[in-house]
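Asker: Sharing a structure here in structure tokens format.
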Amino acid sequence: MSNSYVLEAKNLGKTYQEGVIETQVFRNIDFRLAAGEKLAIVGASGSGKSTLLHLLAGLDNPSSGEVLLLGEVFSAKSEGKRGKLRNANMGFVYQFHHLLPEFTALDNVLMPLRIRRSNLNEATAKATALLEHVGLGHRLKHKPAELSGGERQRVAIARALITDPACILADEPTGNLDQESAKQVFELLLELNQEFQTAVLIVTHDMQLANRMDRILRLKNGELHAEESAQNPSGQTPA
Ligand SMILES: Nc1ncnc2c1ncn2[C@@H]1O[C@H](COP(=O)(O)OP(=O)(O)O)[C@@H](O)[C@H]1O
Ligand SMILES: [Mg+2]
């Protein structure tokens, strides 16, 4: 079924249970990420931003409600099916790059296509072109330890984009960078969003960055609310 929403959270809730202790992180979360949209989720540390992104990516199970990916219920599928759908439709960028340390930049970017068993020559050409695109054509053979923090994040972004996903989910992708590198990495995400029409959902502490997105949602006291942004002064959710 085709659908103009890439991701939808419906009445989503998460409670962690450890022994007799229950921690409700959030409840009744409802929002939709439209095709090509740039959405920021902001909130204090511990407000549940990473938990929410993990549920949206199908990396964890909700306690209530559901996640739809391209109009299809995603959260109720088996782990294997979610993995396949994630590989086909989503890119994920973490605060700490999560690159494989033993592999070169090129091999890290190639990895999602290897998992898909794509033609290796075509995949290598695509990964090379994408690394050139993010300004790292001269760093193809470098391993993560031989790259700067900003360069590592650019490799992570190239890896997230190599499968032409409908959306990228980024969990504080600039949180570990100096201000200048953070700005460059963020600009790159915006540029790629424009160019490939990939929807971007970014979790950030940085309101200056959040204000450059189409829409801001704030996670607070277990609830998600629209917040006024520079792009959308009314703070209203598009229909
Ligand atoms: N695996 C877990 N078990 C129990 N509690 C957890 C677990 N993961 C996160 N939490 C709790 O959920 C809350 C939200 O965490 P998190 O999503 O990491 O917040 P944020 O990313 O906004 O900093 C925190 O209070 C945290 O302690
Ligand atoms: Mg977090």
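Asker: Can you put Glu18, Glu223 in order of accessible area, largest first, using a 1.4 Å probe? Spell out each step's value before the answer.
Answerer: Working: Glu18 140, Glu223 70 Å².
These residues rank, largest area first, as Glu18, Glu223.
Asker: Rounding to the nearest 10 and keeping the result within 0 to 90°, find how far the Cα-based axis of helix 149-161 lies from the longest principal axis of the chain.
Answerer: With both axes taken from Cα atoms, the answer is about 80 degrees.
Asker: So for segment 142-182, taking the charge dipole from beta-carbon charges (+1 Lys/Arg, -1 Asp/Glu), which of Pro165, Ser148, Gln179 sits furthest toward the positive end?
Answerer: Pro165
Asker: Between 0 and 90 degrees, rounded to the nearest ten: what's the tilt of helix 120-133 against the longest Cα principal axis of the chain?
Answerer: The two axes meet at around 80 degrees.
Asker: Taking the Cα centre of segment 1-75 as origin, sum charge times position over the Cβ atoms of Lys and Arg (+1) and Asp and Glu (-1), and report the length of that vector in debye to the nearest 20.
Answerer: For segment 1-75, the charge dipole is close to 200 debye.
Asker: Another question, then. Please work out the Cα center distance from segment 112-165 to segment 1-37, rounded to the nearest Å.
Answerer: 30 Å
Asker: Projected onto the charge dipole of the chain (+1 at Lys/Arg Cβ, -1 at Asp/Glu Cβ, origin at the Cα centre), which of Leu12, Leu70, Ala40 gives the Cα projection farthest towards the positive end?
Answerer: Going by the charge dipole, the pick is Leu70.
Asker: Same structure again: Run the dipole for segment 1-126 about the Cα centre, Lys and Arg Cβ at +1, Asp and Glu Cβ at -1, nothing else charged, and hand back the magnitude in debye, nearest 20.
Answerer: Values: 15 positive and 12 negative charges, 62 e Å.
Its charge dipole is roughly 300 debye.
Asker: Once every Cα of segment 1-56 carries one equal point scatterer and solvent is ignored, give the base-10 log of I(q)/I(0) from the Debye formula at q = 0.14 Å⁻¹, two decimals.
Answerer: -0.46
Asker: Can you check how the C-alpha radius of gyration of segment 66-195 compares to 2.2 N^0.38 Å, as a plain ratio?
Answerer: 1.05
Asker: If contacts are Cα pairs under 8 angstrom and at least 6 residues apart, what is the relative contact order of segment 120-162 in percent?
Answerer: After rounding, I find 45 percent.
Asker: Would you work out if segment 29-98 is rounded, prolate or oblate? Take a ≥ b ≥ c from the square roots of the eigenvalues of the alpha-carbon gyration tensor; rounded if a/c is under 1.5, else prolate when a/b is larger than b/c, oblate otherwise.
Answerer: It comes out rounded by the Cα gyration axes.
Asker: How do Tyr16, Tyr94 rank by accessible surface area computed with a 1.4 Å probe, from largest to smallest?
Answerer: On the way: Tyr16 90, Tyr94 60 Å².
In descending accessible area the options line up as Tyr16, Tyr94.
Asker: Normalising by the residue count of the chain, find the relative contact order in percent from Cα pairs under 8 Å and 6+ residues apart.
Answerer: 26 percent
Asker: Sort the chain into rounded, prolate or oblate with this rule: let a ≥ b ≥ c be the square roots of the eigenvalues of the Cα gyration tensor; rounded if a/c is under 1.5, and if a/c is not under 1.5, prolate when a/b is larger than b/c, oblate otherwise.
Answerer: Because a/c hits 1.5 or more and a/b exceeds b/c, the chain counts as prolate.
Asker: What's the ranking of 159-172, 64-77 by average number of surrounding C-beta atoms within 10 Å, highest first?
Answerer: 159-172, 64-77
Asker: What does the charge dipole of the chain about its Cα centre add up to, to the nearest 20 debye, if the Cβ of each Lys and Arg holds +1 and the Cβ of each Asp and Glu holds -1?
Answerer: About 560 debye.
Asker: If I take every Cα pair under 8 Å that is 6 or more residues apart in segment 67-159, average their sequence separation and divide by the length, what percent do I get for the relative contact order?
Answerer: Dividing the mean separation by the residue count of segment 67-159 yields 33 percent.
Asker: So, R0 is 30 Å and r is the distance between the beta-carbons of Ser148 and Glu195; what FRET efficiency does that work out to, to 0.05?
Answerer: The formula returns an efficiency of 0.80 here.
Asker: Of the listed pairs Lys10/Lys49; Lys38/Lys143; Lys143/Lys220; Lys81/Lys183; Lys84/Lys183, which have alpha-carbon separations greater than 27 Å here? Spell out each step's value before the answer.
Answerer: On the way: Lys10/Lys49 16 Å; Lys38/Lys143 30 Å; Lys143/Lys220 39 Å; Lys81/Lys183 36 Å; Lys84/Lys183 32 Å.
Listed pairs above 27 Å: Lys38/Lys143; Lys143/Lys220; Lys81/Lys183; Lys84/Lys183.
Asker: Sorting check: for 136-148, 81-93, which peptide has the highest mean count of neighbouring beta carbons within 10 Å, and how do the rest follow?
Answerer: 81-93, 136-148
Asker: Can you give me the angle between helix 105-115 and the longest principal axis of the chain, using Cα atoms only, in degrees from 0 to 90, rounded to the nearest 10?
Answerer: That helix lies at roughly 60 degrees to the long axis.
The values are calculated or read from the model by the stated rules, or taken from the named source; none is laboratory data. The structure displayed is predicted, hence computed values, not measured ones. Neighbour counts run over all protein chains shown; Cβ positions are idealised from the backbone, glycine included. Protein only, heavy atoms only, side chains kept; ligands, DNA and RNA dropped before computing areas. Shrake-Rupley method; radii C 1.70, N 1.55, O 1.52, S 1.80 Å.
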